[in-house]
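Novice: Once you've had a glance at the structure underneath, I'll fire off some questions.
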Amino acid sequence: LVENKINVVFGEQGQMVANWADTVSERMGLSSLQAQGLAANFADLLIPMKFTREQAAQMSTDIIGLSGALAEWSGGTRTTAEVSDILGKAMLGEREAIKSLGISITEADVKNKILSMSTQQLSGLTEAQAKAIATRDLILEKSIDAQTAYAENTDGLSVTQAKLSSAFEEAKETLNHLWKKLLFQRLEN
């Protein structure tokens, strides 16, 4: 079901998202499929706002990639999936929970960010799209410390733990896939 959602949501952008997930999932403590699923959930919020699948894929990989950094920045109190959910809600205007990640964004901040965008940047955007882009930009701007710490912490205990978690999730998915394959083979016979 997750794979189907990924394929439908990203369409032709699916391979780009899969490549991205292969690159970042281990550090986030996720399987590649889990990272793609989180990105699909996020993109699924953007597409109804009339973003193209390409734009949704780029924005979702930007933000879901940041989820790993913010989860680590939380000192392990939040998982990447929880952070992803909080960021998704923020993109829809529900910004209260984002404060728990050390980021405060008000409606005035979003409006000011939109006002600072050039008319060329705003050309053709709906209000919802402009707010989503402004929110994304503010999240990225207000999480510089977390991003820097994440980039610099390449061999700490949290990184080792994330890699082990990722390996475990990949193994679970492989075993699950093999189990289903065996089950279907037996049902066919």
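The values are calculated or read from the model by the stated rules, or taken from the named source; none is laboratory data. This is a predicted model, so every value here is computed, not measured. Reconstructed Cβ throughout: ideal geometry from the backbone, glycine too, with neighbour counts over all protein chains shown. These area figures cover heavy atoms from the full protein model, side chains too; ligands, DNA and RNA do not enter into them. Shrake-Rupley method; radii C 1.70, N 1.55, O 1.52, S 1.80 Å.
Novice: I'm checking my understanding of the structure. Among residues of the range 139-148 that are out of contact with any Gly (no Cβ under 9 Å at 6 or more places or on another chain) and surrounded by fewer than 15 Cβ atoms within 10 Å (Cβ to Cβ), which one is modelled with the lowest pLDDT?
Specialist: Thr148
Novice: Taking the range 102-135 only, how many residues are in contact (Cβ under 8 Å) with a residue 24 or more places away in the chain, open to solvent by 50 Å² or more (accessible area, probe 1.4 Å) and in a helix (DSSP H, G or I)?
Specialist: Summing the residues that are in contact (Cβ under 8 Å) with a residue 24 or more places away in the chain, open to solvent by 50 Å² or more (accessible area, probe 1.4 Å) and in a helix (DSSP H, G or I) in the range 102-135 gives 1.
Novice: Out of everything in the range 149-178 that is of a type in the set (Val, Ile, Thr) and either in a helix (DSSP H, G or I) or more than 20 Å from Asp22 (Cα to Cα) (or both), what residue ends up being modelled with the highest pLDDT?
Specialist: Filtering first and then ranking leaves Thr174.
Novice: Among what's in the range 136-148 and is more than 17 Å from Glu94 (Cβ to Cβ) and assigned to a helix (DSSP H, G or I), pick the residue that is nearest to the chain's Cα centre (by Cα).
Specialist: Leu140
Novice: Quick one: is Ala108 out of contact with any Asp or Glu (no Cβ under 6 Å at 6 or more places or on another chain) and either under 17 Å from Thr79 (Cβ atoms) or at pLDDT 80 or above (or both)?
Specialist: Answer is yes for this residue.
Novice: Go through the range 88-101 and report how many residues are buried (at least 16 other Cβ atoms within 10 Å of the Cβ) and in a helix (DSSP H, G or I).
Specialist: Residues in the range 88-101 being buried (at least 16 other Cβ atoms within 10 Å of the Cβ) and in a helix (DSSP H, G or I): 5 in total.
Novice: Could you pull out the residue among Arg78, Arg27 that is at pLDDT below 90 and basic (Lys, Arg)?
Specialist: Selected residue: Arg27, the only one of Arg78, Arg27 that is at pLDDT below 90 and basic (Lys, Arg).
Novice: Also, quick follow-up: Could you check the range 1-39 and list, in sequence order, the residues that are under 21 Å from Ser74 (Cα atoms) and polar (S, T, N, Q)?
Specialist: Result: Ser25, Ser31, Gln34.
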